[in-house]
Amino acid sequence: MAETTLDKIVSLCKRRGFIFQSSEIYGGLSGAWDYGPLGVELKNNIRDFWWKEMTQMHDNIVGLDASILMHPKVWEASGHVSNFTDPMVDCRQCRSRFRADQIDLTKPCPNCGTKDSFTEPRNFNLMFSTHMGPVQDDSSVVYLRPETAQGIYADFKNVVQSSRVKIPFGIAQVGKSFRNEITTKNFIFRSCEFEQMEMQYFCKPGEDEKWFDFWKEQRMAFYEKMGINSENLRWHQHGEDELAFYAKDAYDIQFRFPMGWQELEGVHNRTDYDLTQHQQFSGKDLTYLDQETKERYIPYVVETSAGLTRNVLMVLSDAYEEEKLEGNEVRTVMHLHPKIAPVTVAVLPLVKKDGIAEFAQKLEKELREDFATFYDQSGAIGRRYRRMDEIGTPYCITVDYQTLEDKTVTVRYRDSMEQERIQISLLSSHLNKTTKLYKRG
Ligand code: ATP
């Protein structure tokens, strides 16, 4: 198997319409990306898979969709105004900007090669700010949220009062976040505008360690369920120097990206820090009353915080393979789990004549009810299979002369390239069952 490089993934993403650079016709905007016709399907499918696993599959997790703009005091309370900074240096010669913790300051500038050209490190706040309303002064400053979690804390009281949740319970949210990142290389890995999938699990102090272990296990199992190769996943525990001052324990799930092992998701024990801060800054009572024991306390929080857009890069990197076939042929195939593939079923007429194309079109329309389908009648059948392999379509259905006689079609499986004939009346249930039992081949 040839090595998967980031360049190969970037090129496939552009060629097949997964991901484009933002504003490319104007020379591009670094740190911002557009999800094309296939990319948006893949991203939405990962989001929906997460949402189902994290809310609907649990009886004590509810969802939320808080706004991106929030009261500026939220970010004072959370510590982001004073602490959400990266140390930054500028090269005096070429004016390039770097994160001081990501380069060797004793070496020449990586961009222009000038020696001793760096400014002293300065702290640089990663929050984007803007103004709300017609007056642009300090009183109208608002921030684009740098994480979705604070919306959950700010609505904690509303959720407790309006729904019948009892501790332990979770609030889940998916949405855009913004960070003025200094270094945005590595494609969509680190961008200025991205999406997060976060869940805050509120529990009784003293039970937090138990729930922390529970969520660690759940989150790793999630990736395996999504079909990610477990050899490409590992845990990294935060050391003393990485741990946020309020956090009791923190682990990251790392994935082996083409550029090496990097963080994919954090599972953190945030104690009662955030709610305590918001109680203090808002002056509102954010304690929880246990109706049975009549105890009142500020809950502890176990957070699971994953990047949705970073998940897209992980899924693509994990699925991509240049497979050597007989006769020195190479096929590019993406082993996407059928649940998240942008197209689940492609319907391909073997030939266009004698009513075969019309039959195939009708079948494709019927299958739309149950699957994300695609119809393709152009080119040799082998080439059509390859095009579908490259975008990760798990099932290709071929309609031929025999179909007209006995109402059977050929199902061709992406990973094994094996084919079998199936009765059309059994097709949907057969494909659903195959998806349920899917194991990467
Ligand atoms: P780093 O230290 O690498 O800047 P972080 O540890 O501050 O990141 P968190 O605040 O824990 O990251 O964010 C949770 C998750 O959100 C990360 O695991 C990652 O998947 C995603 N994420 C964070 N920043 C970005 C970004 N700039 N672009 C894409 N995804 C991001």
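Where a number appears in this text, it was derived from the coordinates with a stated rule and is not lab data. Everything quoted here is computed from the prediction, not taken from an experiment. We place every Cβ from the backbone using ideal geometry, glycine too, and count neighbours over all the protein chains shown.
Things worth noting here:
- Extension gain (nm, one decimal) between ASN432 and TYR246, 0.36 nm per residue minus Cα-Cα: 62.4 nm
- Descending semi-axes in Å of segment 19-136, equivalent ellipsoid built from Cα gyration tensor: 36, 23, 17
- Scattering profile of segment 315-401 at q = 0.13, 0.16, 0.17 Å⁻¹ [log10 I(q)/I(0), Debye over alpha-carbon scatterers]: -0.45, -0.65, -0.72
- Here the average projected area of the convex hull drawn through the C-alpha atoms of the chain stands at 27.3 nm².
- Net lengthening on full extension, ASP138/ARG296 (0.36 nm per residue, minus Cα-Cα): 53.1 nm
- Over 30 Å apart at the Cα level, from the set LYS248/LYS439; LYS248/LYS294; LYS185/LYS365; LYS176/LYS248, are LYS248/LYS439; LYS185/LYS365.
- Estimated from the Cβ-Cβ distance and a Förster radius of 41 angstrom, the FRET efficiency linking GLU420 and PHE214 is about 0.50.
- Going from the residue with the fewest nearby Cβ atoms within 10 Å to the one with the most, PHE371, PHE359, PHE202 rank PHE359, PHE371, PHE202.
- Seen against the Cα atoms of the chain and their longest principal axis, helix 308-319 is set at about 40 degrees.
- Two-site label geometry, VAL159 and TYR401: point separation in nm, points 7 Å out along Cα→Cβ: 6.2
- For PHE128, PHE245, PHE189, the sequence from fewest to most other C-beta atoms within 10 Å is PHE245, PHE128, PHE189.
- Ranked list, fewest to most other Cβ atoms within 10 Å of each Cβ, for ARG412, ARG16, ARG95: ARG95, ARG16, ARG412
- Two-site label geometry, SER282 and MET57: point separation in nm, points 7 Å out along Cα→Cβ: 3.1
- Across segment 62-77, computed HN-Hα scalar couplings (Karplus, 6.51 cos²θ - 1.76 cosθ + 1.60, θ = phi - 60°) run 10, x, 8, 9, 7, 7, 6, 8, 10, 4, x, 5, 3, 7, 6, 4 Hz from first to last residue, x flagging Gly and Pro.
- Using C-alpha pairs below 8 Å separated by at least 6 residues, the relative contact order for segment 343-436 is 28 percent.
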